[in-house]
Amino acid sequence: MRPLAAHEWELYRALRLRALADAPEAFGMTLSEVVQRTENDWAWILNLGTTSGCDLPLLAEISGSAAGMAWAKLDAGDASLVNLFQMWVAPEARGHGVAAAILEAAITWARSRNARTMQLGVVCGNDAARRLYERAGFHAVGAPGPQRPGSSRMEQTMQLDLAREDA
């Protein structure tokens with residue numbers, strides 16, 4: 001488990017495109033939207049994320065191969081809140097603890113930033129992801145809502161109290 005480096009934008013792009021192709025319903029964007037980004041866009045996004053001090057683009061590797069990713073970000077309006085998104089594990093790495101390791105790394109980073117809460121959205125019906133988050137101490141907040149404007153796909157917001165010792 002390690003942070004992505006700014007120069008690894010091609011790896012980041014490949015992972016995002018693979019994640020969107022693998023689980024198009026799990027993210028707030030579509031493959032057709034993201035594939036249109038230029039190389040400069042990808043490099044800029046990752047450079048900003050690796051230098052801001054407010055972002056943690058995470059890469060999970062198994063035997064030197066990319067196995068998953070996630071992005072943790074301090075909320076711009078509330079420094080006590082970290083949002084977790086883009087969490088994805090490659091199909092061949094599922095069932096090997098990669099998702100739990102990614103989640104733990106993100107939680108550790110959030111705590112190191114003195115955040116009090118971590119928040120994420122999980123698509124309704126993605127029971128494996130929901131169970132993973134619940135095992136880590138996340139709980140549902142409010143009623144499910146549309147994943148994005150105009151979408152019929154519903155998403156549940158989940159939060160974790162980072163101050164709890166058992167979380």
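The values are calculated or read from the model by the stated rules, or taken from the named source; none is laboratory data. No experiment lies behind these values; they were computed from the predicted model shown. Cβ: placed from backbone, ideal geometry, glycine included. Neighbour counts: every protein chain shown. Accessible surface is based on the protein model in full, side chains and every heavy atom, while ligands, DNA and RNA are left aside. Shrake-Rupley method; radii C 1.70, N 1.55, O 1.52, S 1.80 Å.
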Quiz item: Out of the stretch 30-56, which residues are closer than 12 Å to Arg16 by Cβ and either open to solvent by 60 Å² or more (accessible area, probe 1.4 Å) or part of a loop (DSSP other than H, G, I, E, B) (or both)?
Solution: Thr30, Leu31, Glu33, Val35, Arg37, Asp41
Quiz prompt | Test result for Ala136, of a type in the set (A, V, I, L, M, F, W, C), farther than 22 Å from Arg13 by Cβ and out of contact with any helix residue (DSSP H, G or I) (no Cβ under 7 Å at 6 or more places or on another chain) | solution = no
Quiz item: Would the stretch 132-155 turn up any residue that is exposed (fewer than 15 other Cβ atoms within 10 Å of the Cβ) and under 14 Å from Met87 (Cα atoms)?
Solution: no
Exercise. Among the residues of the stretch 93-124, write down those that are touching a residue at least 60 places away in the same chain (Cβ under 8 Å) and over 15 Å from Pro57 (Cα atoms).
Key: Gly121, Val123
Practice problem: For the stretch 107-127, enumerate the residues that are open to solvent by 60 Å² or more (accessible area, probe 1.4 Å), among the small types (Gly, Ala, Ser) and under 24 Å from Met29 (Cα atoms). | Solution: Gly125
Quiz prompt | Which numbered condition Ala100 misses (of (1) surrounded by 14 or more Cβ atoms within 10 Å (Cβ to Cβ); (2) within 13 Å of the chain's Cα centre (by Cα); (3) more than 24 Å from Thr30 (Cβ to Cβ)) | solution = (1)
Practice problem: Among the numbered conditions (1) without any contact (Cβ under 8 Å) to a residue 60 or more places away in the chain; (2) open to solvent by 20 Å² or more (accessible area, probe 1.4 Å); (3) over 14 Å from Ala90 (Cα atoms); (4) not β-branched (Val, Ile, Thr), tell me where Ser63 comes up short. | Solution: (3)
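Here are some residues: Phe85, Phe27. Which one is surrounded by fewer than 18 Cβ atoms within 10 Å (Cβ to Cβ), under 13 Å from the mean Cα position of the chain (by Cα) and under 23 Å from Tyr133 (Cβ atoms)? It would help to see each step written out before you state the result.
Working: Phe27 fails: surrounded by fewer than 18 Cβ atoms within 10 Å (Cβ to Cβ).
Answer to the check: Phe85.
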Quiz item: Is it the case that some residue within the stretch 75-85 is out of contact with any Pro (no Cβ under 8 Å at 6 or more places or on another chain), under 20 Å from Glu25 (Cβ atoms) and among the polar types (S, T, N, Q)?
Solution: yes
Quiz item: For the stretch 15-24, which residues satisfy the criterion of being loosely packed, with under 15 Cβ neighbours inside 10 Å and either at pLDDT 95 or above or under 17 Å from Val98 (Cα atoms) (or both)?
Solution: Asp22
Quiz item: Hey, Met1 hits all of (1) touching a residue at least 60 places away in the same chain (Cβ under 8 Å); (2) closer than 29 Å to Gly145 by Cα but one; which does it fall short on?
Solution: (2)
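Can you work out which of the residues in the stretch 5-58 that are acidic (Asp, Glu) and out of contact with any strand residue (DSSP E or B) (no Cβ under 6 Å at 6 or more places or on another chain) is nearest to Pro146 (Cα to Cα)? Don't jump to the end; show me each part of the working.
Step one: of the stretch 5-58, the residues acidic (Asp, Glu) are 8, 10, 22, 25, 33, 39, 41, 55.
Then keep just the ones that are out of contact with any strand residue (DSSP E or B) (no Cβ under 6 Å at 6 or more places or on another chain); that gives 8, 10, 22, 33, 39, 41.
Values: Glu8: 33, Glu10: 31, Asp22: 21, Glu33: 18, Glu39: 30, Asp41: 27 Å.
By that ranking, first place goes to Glu33.
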